[in-house]
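Report on the following structure.
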Amino acid sequence: MKQGYFITGTDTDVGKTWATTALMRHCRQQGLSVIGMKPVAAGCNDEGGELKNDDALQLQAEASLAVDYQLLNPYAYALPVSPHIAGRDNPVQLPKVLAIFQQLQPQAEIILVEGAGGWYAPINNQQNISDLAIALNLPVILVVGIKLGCINHSLLSYQAINQSGLTCAGWIANCIQPEMLCMQDNIDTLKTLIPAPLLGILPYQQQADFDLLAAQLRLP
């Protein structure tokens with residue numbers, strides 16, 4: 001692995017998976033091998049007796065090489081609720097995730113690890129997404145869902161990432177509400193207030209065109 005990044009968001013449903021997939025597509029277009037990992041996922045479907053998550057399957061399909069699903073998503077929960085609730089009978093164990101990550105490291109030049117929910121979303125009764133990112137010791141890319149309230153959410157998330165001791169390598173503006181008033185003004189404000197670089201602006205799409213989205217992005 002040349003480089004890895006941890007992808008987090010200002011909230012749930014802000015487009016982390018689309019952003020991660022677009023970054024993976026960008027890597028492949030640059031001739032870099034890439035793997036996407038989603039260690040924790042809630043809201044999974046039973047496929048042949050195995051729980052699988054649509055977002056994790058999307059990352060698996062975008063990877064440069066075939067990787068077993070259980071490695072990409074070791075904690076898959078059926079209920080579409082917070083992982084610490086969905087996984088009461090099988091709580092996330094960070095040493096297991098770290099061991100799998102280390103197993104994947106030699107297999108690709110770039111590894112992107114997508115979190116669940118926001119930075120402080122709990123993954124078990126003692127730890128949250130930030131603890132997972134700290135255990136992996138990766139620079140963080142923050143996905144900002146551009147909507148009313150995103151300035152506050154972004155600044156709080158950026159501050160929390162810095163306080164964790166990790167580096168915020170950059171942020172991605174994802175335009176999730178096409179009718180939002182003063183959208184560009186909000187993005188311009190965030191560019192002024194967030195010291196980390198803006199890595200790209202993803203336009204609103206009902207169906208993702210990942211070639212188009214990848215063209216809007218750059219790696220830190």
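Values in this text are rule-based calculations from the coordinates and carry no lab data. Values in this document were obtained by computation on a predicted structure and should not be read as measured data. Note that we place each Cβ from the backbone using ideal geometry, even for glycine, and neighbour counts take in every protein chain shown.
When only Cα pairs below 8 angstrom with a gap of at least 6 residues are kept, region 33-153 shows a relative contact order of 29 percent. The amide H of Leu79, built 1.01 Å from its N in the peptide plane, has Gly43, Cys44 as neighbours under 5 Å, considering only residues 5 or more places off or on other chains. A simple packing score, the average count of other Cβ atoms within 10 Å per residue, orders the peptides 194-206, 142-154, 31-43 as 31-43, 142-154, 194-206, with the highest score first. Put simply, when 169-177, 126-134 are sorted by average Cβ atoms within 10 angstrom per residue, most first, you get 169-177, 126-134. Rounded to the nearest 10 degrees, the angle from helix 16-29 to the longest Cα principal axis of the chain is 90 degrees.
Here the chain is treated with +1 on each Lys and Arg Cβ and -1 on each Asp and Glu Cβ, and its dipole about the Cα centre works out to around 520 debye. Helical runs assigned H by DSSP (4 residues or longer) give the chain a calculated mean residue ellipticity at 222 nm of -10500 deg cm²/dmol, each run adding -39500 (n - 2.57) before division by the residue total. Output the relative contact order of the chain, whole-number percent, from Cα pairs under 8 angstrom with separation of 6+ residues. This gives 27 percent for the chain.
Helix 94-104 against the longest principal axis of the chain: what's the angle in degrees, Cα atoms only, rounded to the nearest 10? Tilt relative to the chain: about 80 degrees.
The number of Lys pairs in region 3-215 with C-alpha atoms less than 20 Å apart, excluding pairs fewer than 8 positions apart on the same chain, is 8. For the chain, with a Gaussian network of springs between Cα atoms less than 10 Å apart, report the residue from Thr189, Thr17, Thr167 with the top mean-square fluctuation. Judging by the Gaussian network model, the answer is Thr189. If the chain linking Ala61 and Lys96 were pulled fully straight, counting 0.36 nm for each residue of separation and taking away their Cα-Cα distance, it would gain 10.3 nm.
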